[in-house]
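Student: Following this message is one structure expressed as structure tokens.
The values are calculated or read from the model by the stated rules, or taken from the named source; none is laboratory data. Remember, it's a predicted structure, so these values are computed and weren't measured experimentally. Heads up, the Cβs are rebuilt from the backbone with ideal geometry, glycines too, and the neighbour counts pull from every protein chain shown. All accessible areas refer to the heavy atoms of the entire protein, side chains included, with ligands and DNA or RNA removed. Shrake-Rupley method; radii C 1.70, N 1.55, O 1.52, S 1.80 Å.
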Amino acid sequence: MIGANTLQEFVVARQAEFAGATGDLSRLLTDIGTAAKMVNRHVNSAGLSGILGTHQENGQGSQNVQGETQQKLDVYADDTFNRVLGSCLKVGGIVSEEQPSIIHVDHSGRGEGRGYGKYVVCIDPLDGSSNVDVNISVGTIFGIHRRKSPLTQPAEATDFLQPAKDLVAAGYVLYGSSTMLVYSTGCGVNGFTFDPSIGEFFLSHPDMKYPEASTVYSINDANLDTAVPGVKPYVKDCRSRGLTARYTGALVADFHRNLIQGGIYMYPGSTDKPEGKLRMLYEAQPLAFLANQAGGSTRCHLHDLLHVTPTSLHQRTPLFTGHAEEVQNLVQAMDAQTLHV
Ligand code: AHM
Ligand code: MG
């Protein structure tokens, strides 16, 4: 793809490969790139600009809909993505980890024939934000569905509650030692690295695929004893096969490393939290879509997560994602334990 080096050029060049494409999705993807640059600037200067620490409301720390303490950067990232996506005419609604209900985006005041956009976006604006204060990587995760409800009406919950296999696009931004945007529209996975001196994302990781073999497994070791049966013996097996453990506490960073080096990420259900911790719509589903496009696979416990239809906006799910062979090994270990119960 000669000449298609920046994110914008690449998105537009790819659009030309689809007969009948209108450019609406391209516009939305480049808007996400713009919001990512704004968040990146704040993340990179957080220590200098007084934006570290928890967000305060009326002198107290604020919590999001999940009951989790919000960091200042959570609130900034949420505001930024909502503002940029809310002004994109292609967006009809947003579900964010930081907001209790659907954010409806109404463009009817902006000219004739304009109502609600045809796409809905599920977003975790700043995933792993507890890492910010200690200067470790964080990320943004997004998934885009085409609406099913009429465009003359506000988006409905069912527009968001679609299986991951039906996403039209998904991706993440990793604010790490360099900042990367990785996305897929269902024709492979491509990664772009941000050049801060120019202010553009450039194609750096074309057609990303899991390598043949895995070297890494990622799990919060503190949860191993309470994890669903099968996970602990599988981890023991990983160790005996020479895989190494890596876990940053930021899903995007762990997923990205495992995609490049070959590995599996696990956040299982446990005795006290059968649904685990991670959220289906804006954490698990977009990453499952990307893993599949990169030749990997994803399970929520024993089911293929790509085919699961969510039932609520902030639903949690166990998540096992990464190299297909490792996910299969894990499933076998879980199956074996289930048979013995
Ligand atoms: P968050 O969305 O509140 O940041 O929580 C999600 C994060 C993931 O990025 C990470 O993989 C996981 O929570 C870590 O959880 P734990 O500290 O329980 O291992
Ligand atoms: Mg998150």
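Student: Taking the Cα of ARG41, stepping 7 Å toward and past its beta carbon, and measuring to each backbone N in the range 80-111: which are under 14 Å?
Tutor: Counting only backbone N, you get 80-81, 84.
Student: Sum -39500 (n - 2.57) across every DSSP H segment of at least 4 residues in the chain, then divide by the residue count to get the 222 nm mean residue ellipticity, nearest 500.
Tutor: Only helices count here, giving -8500 deg cm²/dmol.
Student: Another one. Can you give me the pair-distance distribution of the range 216-336, C-alpha pairs, 10 Å bins, whole percents?
Tutor: Values per bin, smallest distances first: 14, 52, 32, 2.
Student: For the residue pair THR34 and SER178, what label-to-label distance in nm results when each label sits 7 Å from Cα along the Cα-to-beta-carbon direction?
Tutor: About 2.5 nm, to one decimal.
Student: Restricting to Cα pairs below 8 Å that are 6+ residues apart, what does the relative contact order work out to for the chain? Please round to a whole percent.
Tutor: 14
Student: Additional query: For the range 245-307, what are the per-bin percents of Cα-Cα distances with bins 5 Å wide, up to the bin holding the maximum?
Tutor: Final binned percentages: 4, 16, 29, 28, 18, 4, 1.
Student: Taking the highest mean first, how do the peptides 287-299, 306-318, 322-334 order by number of other beta carbon atoms within 10 angstrom per residue?
Tutor: Highest to lowest by the protection proxy: 287-299, 322-334, 306-318.
Student: Sticking with this one: Over the range 216-336, what percent of the accessible surface lies on carbon and sulfur atoms, probe 1.4 Å?
Tutor: Carbon and sulfur: 49 percent of the exposed surface of the range 216-336.
Student: Something else: Within the set LYS72/LYS277; LYS37/LYS90; LYS72/LYS209, which residue pairs have Cα atoms separated by over 25 Å?
Tutor: Table pairs above 25 Å Cα-Cα are LYS72/LYS209.
Student: Tell me, what is the per residue accessible area of the range 216-336 in Å², probe radius 1.4 Å?
Tutor: About 37 Å² of surface per residue is accessible.
Student: If VAL39, VAL75 are ordered by their accessible area, calculated over protein heavy atoms with a 1.4 Å probe, which sequence runs from highest to lowest?
Tutor: Ranked from most to least accessible, the order is VAL75, VAL39.
Student: Assuming R0 = 30 Å, can you tell me the calculated FRET efficiency for the pair THR158 and GLU17, based on Cβ-Cβ distance, to the nearest 0.05?
Tutor: 0.50
Student: Hey, another quick one. Per q in 0.07, 0.08 Å⁻¹, report the Debye log10 I(q)/I(0) for the chain, using one uniform scatterer on each alpha carbon and no solvent.
Tutor: Rounded to two decimals, the profile gives -0.28, -0.36.
Student: Return the Cα extents of the range 133-270 along principal axes one, two and three, sorted largest first, each rounded to a whole Å.
Tutor: The Cα atoms of the range 133-270 stretch 56, 41, 35 Å along the principal axes, largest first.
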